[in-house]
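The values are calculated or read from the model by the stated rules, or taken from the named source; none is laboratory data. Computed from a predicted structure; not experimentally measured. Here Cβ is always computed from backbone atoms with ideal geometry, including for glycine, and neighbour counts include all displayed protein chains. These area figures cover heavy atoms from the full protein model, side chains too; ligands, DNA and RNA do not enter into them. Shrake-Rupley method; radii C 1.70, N 1.55, O 1.52, S 1.80 Å.
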Amino acid sequence: MDQLVRRLNAYTDSLALASVYLKTSKDIYESREDLWFKAYVLDAQSHDLFGMDKTLYVRLVKAGNDSVVWQEKYPVKNGIVSGHIYLDQSLPEGDYRLSAYSAHSFYQNQPYFHASKMIKFVKEIRSLSKEKLAGIPGDPKSPQDIQFSILPEGGQLVSGITNTVAFKAVDKSGDPVNVSGELLQRNQVVKTFKSIHAGMGSFYFRPVAGANYQVRLTSPKSDRFYPLASIRDKGVVIHLSKNTKDSLVFNIVQSTGSANQPVYLRLQIRGRIQAMAAGILGDSLKITIPTVEAPQGIAEATLFDQEMRPLAERLVYLNPDKVLNITATLSREVYKIREKVSLKIRTADRNGKPVQASIGVNVYDKLYRNPEEAKDILTHYYLSTELKGRIYDPAFYFNAANKDRNEALDLLLLTQGWRCYLWNEDELKELKNDRQVLTDSTKGRLILVDVKRNKPKIQMLMVFSTDEREKRSLITDSMGRFVLGPADFVKGKWNYLKHFDAGKAEYTVALEDQFKDIEKVSKNMLFEYPVGESTKAKNKDDIASGRISMGAINLNEVKIVAKKQDVFRDKYMGHLDSLAKFEGNMDFVYPNSNWLNVPSGSNGTKPIEGQKYTVWVGPNPPTKVPFTFGAGDFKEIIYHYPKFTEEELLKKFNLTRIKGYYERREFYQPNYDKESDPAPDYRNTLLWAPEVITDKNGEATLNFFCSDINSNFIGTVEGVGPNGLLGKKEFYFNVIK
């Protein structure tokens, strides 16, 4: 038993693995809207907030062609990220994938990637009515399109022993198909069966040695036969007979005539052992495993022989009620436009004891909810990140209104098989040897342009923020290498790096681009995303009148033309531009005149950009004042200072610009108690509060105002509590005129 414990712990003792979950303010966005997102960076094993990672790399790509439309990095504070993305009007309509990466959540050879969120972008919300009606699960399918799988419990069929056999049927797109069928032996019906949930089902079966068995589907009717796996003459079968709140009960049976043998049962969740049991297996053996102290999630139960070889495996789901219980209470269910809403939130453990929790809250028009979106904090951490492959309608298993959800969840695990568990020994072994792709820092190097005339040496650098309030000195090594840490990215979108060299040797600065590493490694990964229950798309009648046009005119484009042409996105670059214009510029205007660059004892004043001045163009320019001139000795010009590109300015002042963390934005909320606004209020997202901490009593109160949109609104509260408790709560209300 100790050896089995040590074998697993060898892969997990020093494992520091993060798991990222993304939450957006809504599912569907229109042109020129703000996409608000929150990221939870949790310990992948314990689900506690992960404090090691300090930088989150975020990309938004167009689904289908993976073209990048946004990539920025954001600071991680105690495992939480709150960010913002602006959706430009030029983006084409369609589906987009928002993905997030951190140092301990993204590895070189990981086969699956889960830290993503699918969003839909439309030019105008009415375009949703043009979508085709989606298919309904369980619709009759062509038998040729059906993929039918048969999976015995424990992994094998043994003659003379009653086996539980699970099955699942999907179409060529991976969507479930409800089927019924027959188990045949020599064209004789042995068993009949039918799907119980989402194309899955199971039946009991006692195979006979030497017999051949086949399955034929009767609905949809097919002439195709699906053979069962070969029947073993000798072997061991494991069967889960009970899964209660405090224990698991396994019945272990081996084939008749087999010798008594010691066996060991190991139960582990996410690479952490929960229990070990040992016994002598004769004809059968009953083993009870306590699970009171185990966390919620998928557990792997593996039966070993005395040589530590696996005999049978089984996935089970433990403690579905170990959640962060969240209640969200509104004063009523119907509000008037622009009326104040008070939302009271309470967080508690499964026994009702108040606990402090880190939660996020959003409220938006239900029209902007994608009914096929299947991911939330529970489905992400308890299913998607623990099982290989795509999961259909995972939210079903966490909805307490579904009375058969626990039975359906066990059926899901039976049809997945233990080798689909992302925390099995083989996967952990690969992860142990895998290499990180990202760091929280950025590596750089000063490179000599002329290495023949100069030798590399230690150099001094200064990194500073745009407003120059934050400065820090850096010293390179003898090869010119240096590292920029998270503290260097905090102040402003851009930071600057200045190089000081008394010898005046020319250097270039090379900085690593971690987004290029992300793109390179991501090409070899599968982006697995759960599938929501298909529903019919909305039609025009579903869009309530008054929510789109309320007497206002929606302008396609507004152009603002500035008189000043030299505009820099960064104020500091504008400052450098001003310095560069005057540096070495000897032009001057004679006092109390419009003559440019004529002799003056005081040298006059500097010319003004765009002003008209008189300049000498004739022979024998004057050397003193006063002077005489003829009609051909002068002309009038419009004065312009030299123009520099941003690249030229950086080179001129020996600077390198560094992209820092994306600047934080504040979500706008009006306060109609203090101010009135005659302009129409078209906000479809009423509340975005990503960083709420409940107090010691587990309570928090949030206030917000309705807009002028009369519609149905949906709110969600998600969060993380102590000891890795996760929770979600939805609430609804109506707004009327």
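Of the numbered conditions (1) over 20 Å from GLY360 (Cα atoms); (2) open to solvent by 10 Å² or more (accessible area, probe 1.4 Å), LEU60 fails exactly one; give the number of that condition.
Looking at each condition in turn, LEU60 falls short on (2).
What number of residues within segment 507-544 satisfy the criterion of being modelled with pLDDT under 85 and among the aromatic types (Phe, Trp, Tyr)?
1
Can you list residue pairs whose Cβ atoms sit under 9 Å apart, with the first residue in segment 460-480 being in contact (Cβ under 8 Å) with a residue 24 or more places away in the chain and the second being in a loop (DSSP other than H, G, I, E, B) and basic (Lys, Arg)? Count only pairs 6 or more apart in sequence or on different chains.
So the pair list comes out as PHE464/LYS491; SER465/LYS491; THR466/LYS491; THR466/LYS493; ASP467/LYS491; THR476/LYS457; GLY480/LYS457.
Against the condition open to solvent by less than 40 Å² (accessible area, probe 1.4 Å), at negative phi, in contact with a helix residue (DSSP H, G or I) (Cβ under 7 Å, 6 or more places away or on another chain) and at pLDDT below 95, how does THR55 come out, does it pass?
No.
Taking the condition assigned to a strand (DSSP E or B), open to solvent by less than 20 Å² (accessible area, probe 1.4 Å) and hydroxyl-bearing (Ser, Thr, Tyr), does THR701 pass? Before you say what the answer is, go through the steps one by one.
Details: assigned to a strand (DSSP E or B): yes; open to solvent by less than 20 Å² (accessible area, probe 1.4 Å): no; hydroxyl-bearing (Ser, Thr, Tyr): yes.
It is false that THR701 is assigned to a strand (DSSP E or B), open to solvent by less than 20 Å² (accessible area, probe 1.4 Å) and hydroxyl-bearing (Ser, Thr, Tyr).
Being modelled with pLDDT of 95 or more, over 30 Å from SER46 (Cα atoms) and in contact with a Phe, Trp or Tyr (Cβ under 8 Å, 6 or more places away or on another chain) narrows it down to one of GLY174, GLY201, so name that one.
GLY201 is the lone residue from the list that is modelled with pLDDT of 95 or more, over 30 Å from SER46 (Cα atoms) and in contact with a Phe, Trp or Tyr (Cβ under 8 Å, 6 or more places away or on another chain).
Are any of the residues in segment 289-302 within 30 Å of ASN251 (Cβ to Cβ), modelled with pLDDT of 95 or more, assigned to a loop (DSSP other than H, G, I, E, B) and within 25 Å of the chain's Cα centre (by Cα)?
yes
Among the numbered criteria (1) surrounded by 14 or more Cβ atoms within 10 Å (Cβ to Cβ); (2) modelled with pLDDT under 90; (3) outside any loop (DSSP other than H, G, I, E, B), which one does THR614 miss?
Status for THR614: all satisfied but (2).
Taking the condition of being under 29 Å from SER180 (Cα atoms), open to solvent by 80 Å² or more (accessible area, probe 1.4 Å) and of a type outside the set (D, E, K, R), how many residues in segment 226-260 meet it?
Final tally of qualifying residues: 2.
Quick one: which of TYR29, TYR21 is closer than 22 Å to GLU373 by Cα, in a strand (DSSP E or B) and touching a His at 6+ places or on another chain (Cβ under 6 Å)?
Exactly one residue qualifies, and that residue is TYR21.
Going by the conditions given, is LYS117 of a type in the set (D, E, K, R), buried (at least 20 other Cβ atoms within 10 Å of the Cβ) and within 23 Å of ASN723 (Cα to Cα)?
no
Assuming GLU182 fulfils every condition listed in (1) more than 13 Å from SER149 (Cα to Cα); (2) open to solvent by less than 20 Å² (accessible area, probe 1.4 Å); (3) part of a strand (DSSP E or B) apart from one, which condition is it?
(2)
Residue by residue through segment 124-166, note down the ones that are assigned to a loop (DSSP other than H, G, I, E, B), modelled with pLDDT of 85 or more and in contact with a strand residue (DSSP E or B) (Cβ under 9 Å, 6 or more places away or on another chain).
ILE146, GLN156, SER159, ILE161, THR162 - these are the residues of segment 124-166 that are assigned to a loop (DSSP other than H, G, I, E, B), modelled with pLDDT of 85 or more and in contact with a strand residue (DSSP E or B) (Cβ under 9 Å, 6 or more places away or on another chain).
Give segment 197-222 a look and list any residue that's open to solvent by 70 Å² or more (accessible area, probe 1.4 Å), part of a strand (DSSP E or B) and either small (Gly, Ala, Ser) or in contact (Cβ under 8 Å) with a residue 60 or more places away in the chain (or both), or say none. Don't jump to the end; show me each part of the working.
Of the residues in segment 197-222, the ones open to solvent by 70 Å² or more (accessible area, probe 1.4 Å) are 204, 206, 208, 210, 212, 214, 216, 221.
Subset that is part of a strand (DSSP E or B): 204, 214, 216, 221.
Across segment 197-222, the qualifying residue is only LYS221.
Would you check which residues across segment 51-65 are part of a loop (DSSP other than H, G, I, E, B) and either under 15 Å from the mean Cα position of the chain (by Cα) or in contact (Cβ under 8 Å) with a residue 60 or more places away in the chain (or both) and list them?
Passing the criteria: ASP53, LYS54, ALA63.
TYR732 - would you say it is over 30 Å from MET462 (Cα atoms), outside any loop (DSSP other than H, G, I, E, B) and not β-branched (Val, Ile, Thr)? It would help to see each step written out before you state the result.
Working: over 30 Å from MET462 (Cα atoms): yes; outside any loop (DSSP other than H, G, I, E, B): yes; not β-branched (Val, Ile, Thr): yes.
Answer is yes for this residue.
Could you please tell me which pairs satisfy a Cβ distance under 6 Å, a separation of 6+ or placement on different chains, a first residue in segment 324-344 that is among the basic types (Lys, Arg), and a second residue that is not in a strand (DSSP E or B)?
Short answer, once both residue conditions are applied: ARG338/TYR672; ARG338/CYS706.
How many residues, within segment 331-365, are surrounded by 22 or more Cβ atoms within 10 Å (Cβ to Cβ) and either out of contact with any strand residue (DSSP E or B) (no Cβ under 8 Å at 6 or more places or on another chain) or on the phi > 0 side of the Ramachandran plot (or both)?
So the answer is 0.
Each row is one residue, and each column tells you yes or no for (1) surrounded by 15 or more Cβ atoms within 10 Å (Cβ to Cβ); (2) more than 15 Å from SER105 (Cα to Cα).
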{"position": "GLU430", "(1), (2)": "no, no"}
{"position": "GLN436", "(1), (2)": "no, no"}
{"position": "ASP440", "(1), (2)": "yes, no"}
{"position": "ASP450", "(1), (2)": "no, yes"}
{"position": "LEU461", "(1), (2)": "yes, yes"}
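Look at SER99 and say whether it is open to solvent by less than 10 Å² (accessible area, probe 1.4 Å), closer than 22 Å to GLU663 by Cβ, small (Gly, Ala, Ser) and part of a strand (DSSP E or B).
yes
Taking segment 640-678 as the search range and keeping residues that are in contact with a helix residue (DSSP H, G or I) (Cβ under 9 Å, 6 or more places away or on another chain) and more than 24 Å from VAL483 (Cβ to Cβ), which one is least open to solvent (accessible area, probe 1.4 Å)?
LEU649
Conditions: (1) modelled with pLDDT under 85; (2) surrounded by fewer than 16 Cβ atoms within 10 Å (Cβ to Cβ); (3) within 29 Å of TYR74 (Cα to Cα). SER465 meets all but one. Number of the miss?
(2)
Tell me which residues, restricted to segment 382-397, are of a type outside the set (A, V, I, L, M), out of contact with any strand residue (DSSP E or B) (no Cβ under 6 Å at 6 or more places or on another chain) and open to solvent by less than 40 Å² (accessible area, probe 1.4 Å).
SER384, GLY389, ASP393, PRO394, PHE396, TYR397
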